[in-house]
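Peer 1: My structure is below; once you've seen it, I'll send some questions.
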Amino acid sequence: GRNVINAAGLNARKISKMLGLDYFIIMPRKGEYILLDRNVLHLNKILFPTPTKVSKGILVCPTIHENTFIGPNAQNITDKKDISTTTAGLKEILEGGKKLVPSIPERSAIRNFAGLRAVPDTYDFIIDNTDIYGFINVAGILSPGLTSCYAIADKVESFLEFLGVEMKIKEDYNPIRPKPECFADFTKKELDEKIREDPTWGRIICRCEMVPEKEILNAIHALVGATTVDGVKFRCRPGMGRCQGGFCRPRVIEILSRELNIPYDKITKKGEDTN
């Protein structure tokens, strides 16, 4: 038979209730962030404050692309779709960040955003092989959920083995995905050769992040290719820079439209109802 692993985050209780299991509550907790431009702070470590009862606090964190982000705060809310940012929230983040780095340059902020954590009323992970045969709950995975992911997977694997599932490792499984070719990684000589072979390597679409058309084409035509503006953005970074797509977004849409044979006005930012 089939088994169901309920790892639906904010909607985990909803899924569990479909099978008549209503023994926990999931509450949304919003966290807002501020992203700073490249190279405005030079940090080599994540800076954490003393944790509070509800979160690890507002941190200042360098990224691998030389940006810095500040956040998150922690607001208990009721709307599981509310990912809005607020003036008060952003002020709170800046004040918290400046306790760690007083010289944070506010004018170098290029984006702010929010996300929701799924907070269980148990205030602990819910990892259960339930009384419904073949239904496993994995809910309320707060921090340090990412650190715990391998142990959680091992636990779920043990549940599946108990249920009689034959756990076979795929002999042809390859865990290594080659890094996509990147304009920024080439020497001048290599880049000259690439452009001679394919001029799209020299056609810069995103000036902030120096992303050529070729990288966007590779992102679209990859094994699991990008079909939206954000899909391209998350794969090769056009729109991630200071102008946040003000210059390159129309060009990215043109390329998506051309390569996918979809009308320009049907290309979406991130899926349904976002065009």
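Values quoted throughout were computed directly from the atomic coordinates according to the rules given, and no laboratory measurement underlies them. As the structure is a prediction and not an experimental result, all values here were calculated from the model. So basically every Cβ, Gly included, is an ideal-geometry build from the backbone, and we count neighbours across all protein chains shown.
Peer 1: Based on the mean of other Cβ atoms within 10 Å per residue, sort peptides 135-141, 250-256, 154-160 so the most packed one is first.
Peer 2: 135-141, 250-256, 154-160
Peer 1: With the Cα gyration tensor of the chain giving a ≥ b ≥ c as the square roots of its eigenvalues, does the rule (a/c under 1.5 for rounded; else a/b larger than b/c for prolate; else oblate) give rounded, prolate or oblate?
Peer 2: Oblate.
Peer 1: Quote to one decimal, in nm, the extra length available between Ala153 and Glu190 on full extension: 0.36 nm per residue of separation minus the C-alpha distance between them. It would help to have the intermediate numbers written out before the result.
Peer 2: Values: separation 37, 0.36 × 37 = 13.32 nm, distance 4.22 nm.
Full extension of this stretch gives 9.1 nm more.
Peer 1: How large is the charge dipole for the chain, taken about the Cα centre, if only the Cβ atoms of Lys, Arg (+1) and Asp, Glu (-1) carry charge, to the nearest 20 debye?
Peer 2: 840 debye
Peer 1: Sticking with this one: Per residue, how much space in cubic angstrom lies within the convex hull of the C-alpha atoms of the stretch 183-266? Write out the running numbers ahead of the final one.
Peer 2: Numbers: hull volume 7.7 nm³, N = 84.
Spelled out: Cα convex hull of the stretch 183-266, divided by residues, is 91 Å³.
Peer 1: What's the FRET efficiency of Ile176 with Leu43 using the Cβ-Cβ distance as r and R₀ = 22 Å, to the nearest 0.05?
Peer 2: About 0.15, to the nearest 0.05.
Peer 1: Cβ neighbours within 10 Å, averaged per peptide: list 217-225, 142-150, 235-243, 165-173 in order, most packed at the top.
Peer 2: Descending mean neighbour count gives 235-243, 217-225, 142-150, 165-173.
Peer 1: Just to confirm the number: angle between the C-alpha axis of helix 145-162 and the first principal axis of the chain, 0 to 90 degrees, nearest 10?
Peer 2: Its long axis makes an angle of about 50 degrees.
Peer 1: Let me know the shape class of the stretch 41-184, please: from the alpha-carbon gyration tensor, a ≥ b ≥ c as square roots of the eigenvalues, rounded when a/c is under 1.5, otherwise prolate if a/b is greater than b/c, or oblate. Working shown, then result.
Peer 2: Numbers: a/c = 2.67, a/b = 1.54, b/c = 1.73.
It comes out oblate by the Cα gyration axes.
Peer 1: Then there is this: Going by alpha carbons, how many degrees (0 to 90, nearest 10) lie between the helix axis of 188-197 and the longest principal axis of the chain?
Peer 2: Taking Cα atoms only, the helix is inclined about 90 degrees.
Peer 1: Further question on the same structure: Helix 87-100 versus the longest principal axis of the chain: what is the Cα-based angle in degrees, 0 to 90, to the nearest 10?
Peer 2: Roughly 80 degrees between the two axes.
Peer 1: Moving on. Using label points projected 7 Å from each Cα along Cα→Cβ, tell me how many nm separate Asp82 and Leu19, to one decimal.
Peer 2: Reported label-point gap for Asp82 and Leu19 is 3.1 nm.
Peer 1: Remind me, relative contact order of the chain in percent, using alpha carbon pairs under 8 angstrom and six or more residues apart?
Peer 2: 15 percent
Peer 1: Mean residue ellipticity at 222 nm from the helices of the chain, using -39,500 (n - 2.57) per DSSP H segment of n ≥ 4 over the full residue count, to the nearest 500 deg cm²/dmol?
Peer 2: Values: 7 runs with 77 residues, N = 275.
Calculated from helices alone, the mean residue ellipticity at 222 nm is -8500 deg cm²/dmol.
Peer 1: Also, I was wondering about something else. With a 4.7 Å Cβ cut-off, tell me which Cys residues in the chain come up empty for a partner.
Peer 2: Cys61, Cys149, Cys182, Cys208, Cys236, Cys243
Peer 1: Right, something else. Go through the stretch 55-64 residue by residue and turn each phi into a ³J(HN,Hα) via Karplus (6.51, -1.76, 1.60, θ = phi - 60°); whole Hz please, and just put x for glycine and proline.
Peer 2: These are the phi-based 3J(HN,Hα) values: 7, 7, x, 7, 10, 10, 9, x, 10, 5 Hz.
Peer 1: Based on the Kirkwood radius over alpha-carbon pairs, what is the Stokes-Einstein translational diffusion coefficient of the stretch 167-231 at 4 °C with 1.567 mPa s viscosity, in µm²/s?
Peer 2: Once the numbers are plugged in, D ends up at 94 µm²/s.
Peer 1: Any idea what diffusion coefficient the stretch 233-275 gets from Stokes-Einstein, in µm²/s, Kirkwood Rh on alpha carbon pairs, 25 °C, 0.890 mPa s? Working shown, then result.
Peer 2: On the way: Rh = 10.9 Å.
Answer, rounded: 226 µm²/s.
Peer 1: Assign one of three labels to the stretch 97-248, namely rounded, prolate or oblate, based on the Cα gyration tensor with a ≥ b ≥ c the square roots of its eigenvalues; rounded applies when a/c is under 1.5, prolate when it is not and a/b is larger than b/c, and oblate otherwise.
Peer 2: It comes out oblate by the Cα gyration axes.
Peer 1: Here is a follow-up. Can you list, largest first and rounded to whole Å, the semi-axes you get for the stretch 26-120 by taking the square root of 5 times each eigenvalue of its Cα gyration tensor?
Peer 2: Result for the stretch 26-120: semi-axes of 23, 14, 12 Å.
Peer 1: Only four residue types carry charge here, +1 at the Cβ of Lys and Arg and -1 at the Cβ of Asp and Glu. Report the dipole size of the stretch 26-120 about the Cα centre in Debye, rounded to the nearest 20.
Peer 2: Using Cβ point charges on Lys, Arg, Asp and Glu, the stretch 26-120 gives about 240 debye.
Peer 1: Multiplying the sequence separation of Arg203 and Glu106 by 0.36 nm and subtracting their Cα-Cα distance, what value in nm do you get?
Peer 2: 31.6 nm
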